Amino acid sequence: MKISVVIPFFQRERGLLSHAVESVTAQVLPIDYVIDIIVVDDGSPMPARDETLVPLPDSVRLRILEQSNQGVGAARNAGLEAAEPDTAVMAFLDSDDAWTPTHLSSAVEAINNGADFYFDNNIAYDGVDAFSYSTFIQKTHGTLDVNKPFTAIMSGPAGFEAILQECLPHTSQVAYKFTSHRGVRFSTHLRRAGEDQLFWLTVACRSKKIAYSTMIGGRRGFGVSIYRETLGWDSPNGPSRLADEIFMRSTISRNFDLSKSQRSLLRRDTQKSHDHFVFLALRSTRRQPGGIASALRRILTENPSSWGMFARAIFNLPNHIRDLRKHGATAQTAVCHTPGPLESR
């Protein structure tokens, strides 16, 4: 069986890719499994070909593809296009992340048992497991003991509902049955947020069975992150991230057959993004008028209904500020908190 692993690459620090690849070569798999690593260098300032990589065992092949900087979605799509026809399982790994040795074996076991889509837990930037932040996990399983991991199953529609409410999977922790979802691609229109959540919603919508494990299957790194670097209130790319969040939700509304409650959830979260955009605009107009104006033009051109939401956002501003102070928020809303490894310039 062949497993393809797509690693999009845009980094400034040497050694991160080597660490990621080493975690792939350390996977514990049956002897008849082959891993095809596809590194997509997306115009990285430190080229992937200059990395000193660990020696590869006979069961692992590595290719480096190079392209001009086009963003994380385009980089992952290039890897998907390059996957060989006999690929059975597709997995992703950000170039500054690393897997624990049993991540792929757990994924393969779940897929061999009938799952179309698998994801597991990971250690986030603060050293805490990511599932401990998940509303879905808490409601479904209560407080987890990471020393007693288990695998659970849900239907595709249940997974779609969970991912719509929060971006439950971290992209580095996902594997799926490639033969069932060969044609699915990441949005290249969303450059700073939401492309992964939209992708997983599409896969979930087309899946009969989804498996997830509370096992720690990886650890997030601290390399270049186009998402994390937009979260500060004074980030020059914060407005463009919020624009992508708005576009992601309008795309979901157009592309999926949603229930009344799901549409209500989308409207609520879209309004929150507009509320935060107004907050950032008023806070940062003097420092970054060009970025705010550009993002605003983009939103209103592509999503004319935003006029009404921006009007409501002005009235919502006092409550929004009060909520930010209450929760100690930095700028995060309900989209994927995924540290994409690429910057788009």
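The values are calculated or read from the model by the stated rules, or taken from the named source; none is laboratory data. No experiment lies behind these values; they were computed from the predicted model shown. Don't worry about glycine lacking a Cβ; one is built from the backbone with ideal geometry, like all the others, and counts go over all protein chains shown. The accessibility values were calculated without ligands, DNA or RNA, using every heavy atom of the protein model including side chains. Shrake-Rupley method; radii C 1.70, N 1.55, O 1.52, S 1.80 Å.
Descriptive notes on the structure:
- Residue that is nearest to Lys209 (Cα to Cα) [pool: residues in the stretch 90-137 that are over 16 Å from the mean Cα position of the chain (by Cα) and of a type in the set (S, T, N, Q)]: Asn113
- Hey, Asp36 outside any loop (DSSP other than H, G, I, E, B) and more than 20 Å from the chain's Cα centre (by Cα) or not: yes
- Selection within the stretch 2-36 - within 11 Å of Ala48 (Cβ to Cβ), in contact with a strand residue (DSSP E or B) (Cβ under 8 Å, 6 or more places away or on another chain) and in contact (Cβ under 8 Å) with a residue 60 or more places away in the chain: Ile7, Pro8, Phe9, Phe10, Leu17, Ala20
- Residue in the stretch 185-192 that is touching a helix residue (DSSP H, G or I) at 6+ places or on another chain (Cβ under 7 Å), among the charged types (D, E, K, R) and under 23 Å from Arg267 (Cα atoms) present: yes
- Filtering the stretch 286-305 to residues that are open to solvent by 70 Å² or more (accessible area, probe 1.4 Å) and of a type in the set (Ser, Thr, Tyr) leaves Thr301, Ser305.
- Within the stretch 17-32, not a single residue is hydrophobic (A, V, I, L, M, F, W, C), open to solvent by 30 Å² or more (accessible area, probe 1.4 Å) and in a helix (DSSP H, G or I).
- Tally of residues being open to solvent by 10 Å² or more (accessible area, probe 1.4 Å), out of contact with any helix residue (DSSP H, G or I) (no Cβ under 6 Å at 6 or more places or on another chain) and more than 20 Å from Ser132 (Cα to Cα) across the stretch 196-221: 3
- Hits in the stretch 88-122 - residues which are open to solvent by 20 Å² or more (accessible area, probe 1.4 Å) and in contact with an Asp or Glu (Cβ under 8 Å, 6 or more places away or on another chain): Ser106
- The number of residues in the stretch 306-345 being open to solvent by less than 20 Å² (accessible area, probe 1.4 Å), under 28 Å from Gly71 (Cα atoms) and modelled with pLDDT under 90 comes to 10.
- For Pro55, the conditions (1) within 20 Å of Gly15 (Cβ to Cβ); (2) modelled with pLDDT of 95 or more; (3) surrounded by fewer than 18 Cβ atoms within 10 Å (Cβ to Cβ) are fulfilled apart from (2).
- Being more than 18 Å from the chain's Cα centre (by Cα), on the phi < 0 side of the Ramachandran plot and of a type in the set (Asp, Glu) holds for only one residue in Glu166, Glu81, and it is Glu81.
- Test: residue in the stretch 132-153 that is surrounded by 21 or more Cβ atoms within 10 Å (Cβ to Cβ), at pLDDT 95 or above and of a type in the set (D, E, K, R): no
- Test for Ser180: is it surrounded by fewer than 24 Cβ atoms within 10 Å (Cβ to Cβ), under 17 Å from Ala115 (Cβ atoms), among the small types (Gly, Ala, Ser) and in contact (Cβ under 8 Å) with a residue 12 or more places away in the chain: yes
- Condition broken by Leu282, with the remaining ones in (1) outside any helix (DSSP H, G or I); (2) farther than 13 Å from Ile246 by Cα; (3) not acidic (Asp, Glu) satisfied: (1)
- Test result for Asp275, open to solvent by less than 10 Å² (accessible area, probe 1.4 Å), of a type in the set (Asp, Glu), modelled with pLDDT of 90 or more and part of a helix (DSSP H, G or I): no
- Residue list for the stretch 85-102, restricted to those being part of a strand (DSSP E or B) and of a type outside the set (Ser, Thr, Tyr): Ala88, Val89, Met90, Ala91, Phe92, Ala98, Trp99
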